[in-house]
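Okay, structure first, notes after.
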Amino acid sequence: MPEKVMFTMGDIACAEGALAAGCKYFGGYPITPATEIAEWMSQKMPQYGGAYVQYEDEIASITSVIGASWTGTKSMTATSGPGVSLMLEAIGLAVMTETPLVLVNIMRGGPSTGQPTRGQQGDIMQAKWGSHGDYQIIALTPASVQEMFDQTVQAFNLSEKYRTPVFVLADETVGHMREKLVIPDEKDLKLVSRKQPTVDPSEYLPFKADEDDLVPPMALLGSKYQFYATGLTHDERGYPSDKEHIQIKLVTRLQDKILKNADDIIDLEKFMLDDADIAVIAYGTPSRSAKKAIKDARAEGIKAGLLRLKTVWPFPEDIVADLGTEVKHIIVPEQNLGQVYHMVRSAAAPTPIHLMAKPAGMPQLPHEILAKIREIDSI
Amino acid sequence: MTEEAAVRIKDMLEKDEILSSGHRMCAGCAAPTIVKLMGMALRGPTVVCEATGCLEVATTIYPYTAWKIPWIHVAFENASAVASGVVEAYKVMHQKGRFEHEHVDVIAIGGDGGTFDIGFGSLSGMLERGHDVVYMVYDNGAYQNTGIQRSGATLPGQETTTSWAGKVSPGKEQRKKPIAEIVAAHKIPYVATVSPYHRRDFIQKFRKALEVEGPAFIHAISPCPRGWRSETGKSMELAKLAVETGIHPLYEVFDGEEYKMSGPSKRIKELTPIEDYMKPQGQFRHLFKDPQWEGFREQIQTWIKEDWELLKKKCGVE
């Protein structure tokens, strides 16, 4: 399809991104403020030769996505915090069985029912630590309608490449804002599909990873290769094991395939950082306020810059650590009580880190961030 | 627990309301009427545990609440489990002499999404364990709160924002989950279907539900002008038509075995055609506009008739 321009909301841009990425299965359940994604998919999916199925709850939605993915179909679901809370066990299952899937969380106020129609960024740590056990996850944080499209495509690519669930973590403001969206010509889109095994079926080991990227090729359910997957700790054959060395080897590889490929996964934007004394680290809606505040601060002669995180997991620890040596102060505005803040603090210490916490729907406004920059500049 | 149920209009006017005016339910929504009718049946101290849904959201818009009796909002999928906990804890407190009331009635309320779908496991568990709770579902046929998505209670042919009607689809293609039958199959003491149009029948059944020992279940049809695309003044008429067309027949089931057809359904000589129920609702418009869906409409009518005949048989009605 040729390039197309739309004026639309973030949720719909996300759905369009999924369709462009080749998603052919959506398992859904209604929840504010993510419902528009399901609604759009329920209408469009049949036209794209895919399936939309609405389930009885979020647990069924995501587990259906796991099943669909194993057939070789690019699959996703979309929800909000309370839905993710129900999906946590399945996220662990997808991590353990190395199942590619995309999980969109349009973040609203929490805990519990919280403020369904107000945005927040309270689910950053949930995405990383929500399911039990040690694991790594990939989570992307778009800040515009265009990025809702672009990063949903990227989420599919990363999930296919690394055989892992990938979060798109957008705050409600991004999900519901309306902006211009350019859907590129499909031949300009770079799409990735999971590696297929090439060995003789008699030699296929479903969980034997390639040495370069630590990702095992993934046979399709029903192909000539024997298929076997379990949430139990398993060896390279996929067979359950209670051996200590198997557990250590598996859990370490699941971690390493994300962390050792972090440079490939992490995406960020550096804005006016080169000579900055004060850095703002932000993502999602507050990063838009921060950009304006930094332009205003520069106009006043204050050397401020922005590091905008488009990936929060894996956390760009090295980049933040380097930044800590280059600037005198770091400000972290977040629509929560401080989550990425803790990651910045552990990476950039002893550089002073200033949290601007706001666990509510209205993001930090440009003049508020500017006031903070001025206050720190005057120290 | 001596308070009488208010069945006569005069008594209804005198009975304390449990839901105040000024709530934010949509104009023409039947759910607040359903809650008020429930209130007419109460017999003493009562606690309501309510799942997420239209009724929960719109009766408790910050910083107010319309509820005049103790009320707890739970998550979407667990009203039955929370109610089970409330009932069992009261029992223990009472045994220990640490609670002033002789008895407290516990009611759980959910919409059709919270009952037919996400809360179904929790409901089934409560029924199996046999907690003394009355569970009432107000069934408006879709997830109206999040903007009209299909649920297990959505009728075939109904258009929602996740079961679109058009050239290739007649709206929802699947049948509605027979929730009262499924609940009755747990062999609990009492199951009844009600319509807010038939208020006397409603109140008497709800009172019975409170009086039985063990779980009871009330399935109330709840017209929704917003989702059904119907006139706000037509809700009670639709609640009546739902019964007359056999889409929501009124009956009781005792101990999962003894079926009893209720007066308003028993008096039906012949079912009113479903067209009369569907035509005032925009959500079924495509079934009449597009001739290709005529066959599907006939199929729905056949399903309704078959269910009706089966129900008559179970109730021993000729």
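The values are calculated or read from the model by the stated rules, or taken from the named source; none is laboratory data. Since this is a predicted model, take the numbers as computed values, not measurements. Methodologically, a virtual Cβ is constructed for each residue, glycine included, from the backbone with ideal geometry; neighbour enumeration extends over all protein chains shown. To get the accessible areas, we keep the full protein, side chains included, count just its heavy atoms, and leave off ligands, DNA and RNA. Shrake-Rupley method; radii C 1.70, N 1.55, O 1.52, S 1.80 Å.
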Scope the range A:5-40; condition farther than 18 Å from A:Pro100 by Cβ and either among the hydrophobic types (A, V, I, L, M, F, W, C) or not assigned by TED's automatic domain parsing to the domain that holds A:Ser64 (or both); matching residues: A:Val5, A:Met6, A:Phe7, A:Met9, A:Ile12, A:Ala13, A:Ala15, A:Ile31, A:Ala34, A:Ile37, A:Ala38, A:Trp40
Qualifying residue in the range A:50-59 (condition: at pLDDT 95 or above, within 21 Å of the chain's Cα centre (by Cα) and not aromatic (Phe, Trp, Tyr)): yes
In the range B:3-23, residue surrounded by the fewest Cβ atoms within 10 Å (Cβ to Cβ) [restricted to those that are among the basic types (Lys, Arg) and more than 17 Å from B:Lys205 (Cα to Cα)]: B:Lys10
Qualifying residue in the range A:114-128 (condition: in a loop (DSSP other than H, G, I, E, B) and within 19 Å of A:Ala38 (Cα to Cα)): no
Residue list for the range B:103-124, restricted to those being open to solvent by less than 30 Å² (accessible area, probe 1.4 Å) and hydrophobic (A, V, I, L, M, F, W, C): B:Val104, B:Val106, B:Ile107, B:Ala108, B:Ile109, B:Phe116, B:Ile118, B:Leu123
Some residue of the range B:262-270 being closer than 20 Å to B:Ile179 by Cβ, in a loop (DSSP other than H, G, I, E, B) and either at pLDDT 95 or above or hydroxyl-bearing (Ser, Thr, Tyr) (or both): yes
Residue in the range A:76-99 that is charged (D, E, K, R) and over 19 Å from A:Phe156 (Cα atoms) present: yes
Matching residues, the range A:207-240, being touching a strand residue (DSSP E or B) at 6+ places or on another chain (Cβ under 7 Å) and open to solvent by 30 Å² or more (accessible area, probe 1.4 Å): A:Leu232, A:Pro240
A:Gln115 open to solvent by 20 Å² or more (accessible area, probe 1.4 Å), of a type in the set (S, T, N, Q) and closer than 16 Å to A:Lys310 by Cα: no
Residue that is nearest to the other protein chains (Cβ to nearest Cβ) [pool: residues in the range B:191-207 that are of a type outside the set (Asp, Glu) and closer than 17 Å to B:Gly246 by Cβ]: B:Thr193
Test: residue in the range B:81-102 that is under 25 Å from B:Lys176 (Cβ atoms), open to solvent by 40 Å² or more (accessible area, probe 1.4 Å), touching a Pro at 6+ places or on another chain (Cβ under 6 Å) and modelled with pLDDT of 95 or more: no
Failed condition for B:Ile218, given (1) open to solvent by 40 Å² or more (accessible area, probe 1.4 Å); (2) assigned to a strand (DSSP E or B); (3) not acidic (Asp, Glu): (1)
Pair list, Cβ < 7 Å and 6+ apart or interchain, from the range A:352-379 residues that are open to solvent by 30 Å² or more (accessible area, probe 1.4 Å) to residues that are in a helix (DSSP H, G or I) and among the small types (Gly, Ala, Ser): A:Leu365/A:Ser289; A:Pro366/A:Ser289; A:Pro366/A:Ala293
Pair list, Cβ < 7 Å and 6+ apart or interchain, from the range B:212-239 residues that are touching a residue at least 24 places away in the same chain (Cβ under 8 Å) to residues that are part of a helix (DSSP H, G or I) and of a type in the set (Lys, Arg): B:Ile218/B:Lys205
Among the candidates B:Tyr143, B:Tyr135, residue that is more than 12 Å from chain A (Cβ to nearest Cβ) and at pLDDT 95 or above: B:Tyr135
Evaluation of A:Tyr225 against (1) in a helix (DSSP H, G or I); (2) touching a helix residue (DSSP H, G or I) at 6+ places or on another chain (Cβ under 7 Å); (3) not assigned by TED's automatic domain parsing to the domain that holds A:Thr35 (one fails), failing number: (1)
Residue in the range A:1-49 that is surrounded by the most Cβ atoms within 10 Å (Cβ to Cβ), counting only those that are charged (D, E, K, R) and more than 24 Å from B:Gln144 (Cβ to Cβ): A:Glu16
Selection within the range A:6-34 - away from chain B (no Cβ under 14 Å) and in a loop (DSSP other than H, G, I, E, B): A:Gly22, A:Cys23, A:Lys24
B:Glu56 vs. criteria under 30 Å from B:Trp303 (Cβ atoms), crowded, with 19+ Cβ neighbours inside 10 Å and within 12 Å of chain A (Cβ to nearest Cβ): no
From the options B:Gly28, B:Gly44, residue that is over 17 Å from the mean Cα position of the chain (by Cα), away from chain A (no Cβ under 14 Å) and part of a loop (DSSP other than H, G, I, E, B): B:Gly44
Residue match in the range A:51-63 (condition: charged (D, E, K, R) and more than 9 Å from chain B (Cβ to nearest Cβ)): no
All positions within the range A:91-108 that are in a helix (DSSP H, G or I) and either open to solvent by 10 Å² or more (accessible area, probe 1.4 Å) or over 24 Å from A:Asp171 (Cα atoms) (or both): A:Gly92, A:Leu93, A:Val95, A:Met96
Checklist (1) open to solvent by 50 Å² or more (accessible area, probe 1.4 Å); (2) in a strand (DSSP E or B); (3) charged (D, E, K, R) applied to B:Asp307, failing item: (2)
Answer residue from the range B:160-190, given it is among the hydrophobic types (A, V, I, L, M, F, W, C) and within 12 Å of another protein chain (Cβ to nearest Cβ) and is nearest to B:Phe288 (Cα to Cα) among those: B:Ala165
Members of the range A:53-85 that are assigned to a strand (DSSP E or B) and open to solvent by less than 40 Å² (accessible area, probe 1.4 Å): A:Gln54, A:Ser75, A:Met76, A:Thr77, A:Ala78, A:Thr79
